[in-house]
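Here's the structure we're looking at; comments come further down.
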Amino acid sequence: MTNTWEEDKGRFWAEHADHFSRQLAGFLPAVLDGARLQPGDRVIDIGSGGGDLSIAAGRAVGPEGSVVGVDLSADEVAVAVQRVADAGLDHVTFEVGDAGAVQLSPPFDVLVSRFGVMFFTDPVATFTHLHSLLVDTGRLSFVAWTRYEDNPWLTIPMDAIASVAELAPLPVSGTPGPYGLAEETDVRQVLGDAGFSDIALDRVTADVDYGDDIDRAAAFIRQMDLARATLDHQPEEIQAAAVDAVRATFDAHRGSDGLRFPGNVWRVTAHA
């Protein structure tokens, strides 16, 4: 994973933790259904962020089980720790560290992740390390974005920006980043080489929820990586025009339930 998660990106996600919790809530059920958590299970949550999945897993396994969330960002871990304290889940804990090197106390029964496993610079090595932490009957369940062009939650606002300024190079599937596991063949190759078996991929669609405040949603889009790469070097009037274009697009798409756009992911399951 890139070190920006330890700094700027992690800080941004921590500062907008409530937004991300709402935005990505629709993808939690896919991970949990794939994990088939049972009371007493010992769980690792990779890229645990603000702790949404860790908390949900903690409730599923109960106090006789345990959950350890791992994230590079100390800022995000701080958010997660506070949320877990508020929820009274003493059996859910967090570690700041890299998934490929973190030292935990195995064995674990289940490895889960919601959008936390696409950023590995050496995915085979990292998944091999994580595989070593699981029992022989261990289970894996995670979600990862499919291709950029398959995700209207991002293409729609970015197309609005593109009407004002030429977009920076688009994210590349198969390289560390949001679309690092966008290709089914890559997922199967990586997990197979890391020792996993019974690998299954199911395409899942859920809403990405930007809320109902158009100004806040447009400002949020402006801070996303692709928007920053496109606009940060542009004159102020171009930057303002791009945000106005996003605002107008959101206004045209807003429904009775706010700003919701489809997101497409792979729900990946496997056995150790």
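Answer yes or no: is there a residue in region 181-197 that is under 16 Å from the mean Cα position of the chain (by Cα), buried (at least 17 other Cβ atoms within 10 Å of the Cβ) and at pLDDT below 95.
No, because not a single residue in region 181-197 is under 16 Å from the mean Cα position of the chain (by Cα), buried (at least 17 other Cβ atoms within 10 Å of the Cβ) and at pLDDT below 95.
Identify the single condition in (1) in a strand (DSSP E or B); (2) surrounded by fewer than 15 Cβ atoms within 10 Å (Cβ to Cβ) that ALA144 does not satisfy, given that it satisfies every other one.
Result: ALA144 passes all but (2).
Restricting region 144-158 to residues that are of a type in the set (A, V, I, L, M, F, W, C) and within 16 Å of the chain's Cα centre (by Cα), which is nearest to ARG267 (Cα to Cα)?
Step by step, filter region 144-158, then rank; the result is ALA144.
Please name all residue pairs, on different chains or six or more residues apart, with Cβ atoms under 6 Å, provided the first residue is in region 46-67 and is at positive phi and the second residue is of a type in the set (Lys, Arg) and crowded, with 23+ Cβ neighbours inside 10 Å.
none
Can you name every one of the helices (runs of 4 or more DSSP H) wholly within region 1-77 that holds 1 or more residues which are touching a Gly at 6+ places or on another chain (Cβ under 8 Å) and not aliphatic (A, V, I, L, M)?
8-15, 17-24, 52-61
Quick check on region 141-149. Is at least one of its residues aliphatic (A, V, I, L, M) and free of Cβ contacts under 8 Å to residues at least 60 places away in the same chain?
No, every residue in region 141-149 fails to be aliphatic (A, V, I, L, M) and free of Cβ contacts under 8 Å to residues at least 60 places away in the same chain.
Condition first: buried (at least 16 other Cβ atoms within 10 Å of the Cβ), in contact with a strand residue (DSSP E or B) (Cβ under 7 Å, 6 or more places away or on another chain) and within 23 Å of THR128 (Cβ to Cβ). Can you find one or more residues in region 13-32 that meet it?
yes
For the structure I just gave you, tell me whether GLN223 is surrounded by fewer than 19 Cβ atoms within 10 Å (Cβ to Cβ), under 25 Å from LEU170 (Cα atoms) and either touching a strand residue (DSSP E or B) at 6+ places or on another chain (Cβ under 9 Å) or at pLDDT 95 or above (or both). Break it down into steps so the answer makes sense when it comes.
Details: surrounded by fewer than 19 Cβ atoms within 10 Å (Cβ to Cβ): yes; under 25 Å from LEU170 (Cα atoms): yes; either touching a strand residue (DSSP E or B) at 6+ places or on another chain (Cβ under 9 Å) or at pLDDT 95 or above (or both): no.
Spelling it out, it is not the case that GLN223 is surrounded by fewer than 19 Cβ atoms within 10 Å (Cβ to Cβ), under 25 Å from LEU170 (Cα atoms) and either touching a strand residue (DSSP E or B) at 6+ places or on another chain (Cβ under 9 Å) or at pLDDT 95 or above (or both).
Please verify whether region 198-216 includes one or more residues that are farther than 30 Å from VAL124 by Cα, among the small types (Gly, Ala, Ser) and surrounded by 13 or more Cβ atoms within 10 Å (Cβ to Cβ). Write out each step before concluding.
Taking region 198-216 and keeping what is farther than 30 Å from VAL124 by Cα, we get 207, 209-216.
Checking the rest, the ones that are also among the small types (Gly, Ala, Ser) come to 211.
Next, only the ones that are surrounded by 13 or more Cβ atoms within 10 Å (Cβ to Cβ) stay: 211.
The answer is yes, given that some residue of region 198-216 is farther than 30 Å from VAL124 by Cα, among the small types (Gly, Ala, Ser) and surrounded by 13 or more Cβ atoms within 10 Å (Cβ to Cβ).
Being under 20 Å from PHE261 (Cβ atoms) and not small (Gly, Ala, Ser) is true for just one of ASP186, ASP207. Which residue is that? Quick ask: steps written out before the conclusion?
Details: ASP186 fails: under 20 Å from PHE261 (Cβ atoms).
After ruling out the rest, the residue left standing is ASP207.
Pick from region 150-175 the residues that are under 20 Å from ALA242 (Cβ atoms) and modelled with pLDDT under 95: which of them is surrounded by the most Cβ atoms within 10 Å (Cβ to Cβ)? It would help to see each step written out before you state the result.
Going residue by residue through region 150-175, those that are under 20 Å from ALA242 (Cβ atoms) are 151-171.
Subsequent filtering for residues that are modelled with pLDDT under 95 retains 169-171.
Working: PRO169: 8, LEU170: 15, PRO171: 18.
Restricting to residues being under 20 Å from ALA242 (Cβ atoms) and modelled with pLDDT under 95, the top hit is PRO171.
Give the residue, chosen from ALA101, ALA125, that is part of a loop (DSSP other than H, G, I, E, B), aliphatic (A, V, I, L, M) and either without any contact (Cβ under 8 Å) to a residue 24 or more places away in the chain or surrounded by fewer than 17 Cβ atoms within 10 Å (Cβ to Cβ) (or both).
Working: ALA125 fails: part of a loop (DSSP other than H, G, I, E, B).
So the residue among ALA101, ALA125 that is part of a loop (DSSP other than H, G, I, E, B), aliphatic (A, V, I, L, M) and either without any contact (Cβ under 8 Å) to a residue 24 or more places away in the chain or surrounded by fewer than 17 Cβ atoms within 10 Å (Cβ to Cβ) (or both) is ALA101.
The values are calculated or read from the model by the stated rules, or taken from the named source; none is laboratory data. Keep in mind that this is a model prediction, so the values were computed, not measured. Positions of Cβ are backbone-derived with ideal geometry, glycine not excepted, and every protein chain shown enters the neighbour counts.
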